[in-house]
Amino acid sequence: MKHGEEDLQVRWLKLRIRLKEKFNIKPDMNGVLLLIGVQELGQGPQEFSKEQKQDLMHIAICTILLPSGYYSADGLDDEGWPHFTQLKPLPELQVYEQEDFLKDHALLYFSNQGF
C-alpha cells in the first residue's frame, strides 16, 4: 500500500468514526453517499424509496465531484431535487481505485462543510 493510499484509508476511517459519533451509524461508502445526498437535498431525514435512495446517491456523487469539474449544478426540479450535467467523463479506474476516488472526494466534501 502506497503512503498516499494509507493516508486516505486513515482519513476515511476517521470520517466514519466521526459520522458514527454524530449519527450513531458507521456508514460504508454507500451510506456516506446517502448521507451526503440527504444533506444536499435539504428536506431533512425521511423514509426514501429504493429508487429515491439511488437518486440521492447520484446527487452525492455529482456534488462531491463538482469541485473537480466533472459535473455542473443545474438547479432544482419542481420537487426540490438537484440536477446536474456531466461536463467530462469520469476517469477509467479499477473498482478499488473508483472507491478511493470517491472516498477522496467525499473527504473533501466533508472538509469543505467544516465537518
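Here M57 meets each of (1) farther than 21 Å from N112 by Cβ; (2) in contact with a Gly (Cβ under 8 Å, 6 or more places away or on another chain); (3) of a type outside the set (G, A, S) with one exception, condition (1). I'm trying to understand the selection: among the residues of segment 14-40, which are within 15 Å of the chain's Cα centre (by Cα) and over 20 Å from L65 (Cα atoms)? Within segment 14-40, L19, K26 qualify. Of all residues in segment 23-38, those that are in a helix (DSSP H, G or I) and without any contact (Cβ under 8 Å) to a residue 60 or more places away in the chain total 7.
The criterion of being within 21 Å of R11 (Cβ to Cβ) and surrounded by 16 or more Cβ atoms within 10 Å (Cβ to Cβ) holds for L65. Modelled with pLDDT of 95 or more, under 22 Å from G114 (Cα atoms), surrounded by 13 or more Cβ atoms within 10 Å (Cβ to Cβ) and in contact with a strand residue (DSSP E or B) (Cβ under 8 Å, 6 or more places away or on another chain), is that true of L33? Answer is no for this residue.
Please determine whether any residue of segment 51-74 is within 14 Å of the chain's Cα centre (by Cα), under 19 Å from D7 (Cα atoms) and either part of a loop (DSSP other than H, G, I, E, B) or small (G, A, S) (or both). No, segment 51-74 contains no residue that is within 14 Å of the chain's Cα centre (by Cα), under 19 Å from D7 (Cα atoms) and either part of a loop (DSSP other than H, G, I, E, B) or small (G, A, S) (or both). Going by what's in this entry, would Y71 be described as on the phi < 0 side of the Ramachandran plot, aromatic (F, W, Y) and modelled with pLDDT under 95? It is false that Y71 is on the phi < 0 side of the Ramachandran plot, aromatic (F, W, Y) and modelled with pLDDT under 95.
The values are calculated or read from the model by the stated rules, or taken from the named source; none is laboratory data. Just so it is clear, the structure is predicted and the values come from calculations on it, not from any experiment. Methodologically, a virtual Cβ is constructed for each residue, glycine included, from the backbone with ideal geometry; neighbour enumeration extends over all protein chains shown.
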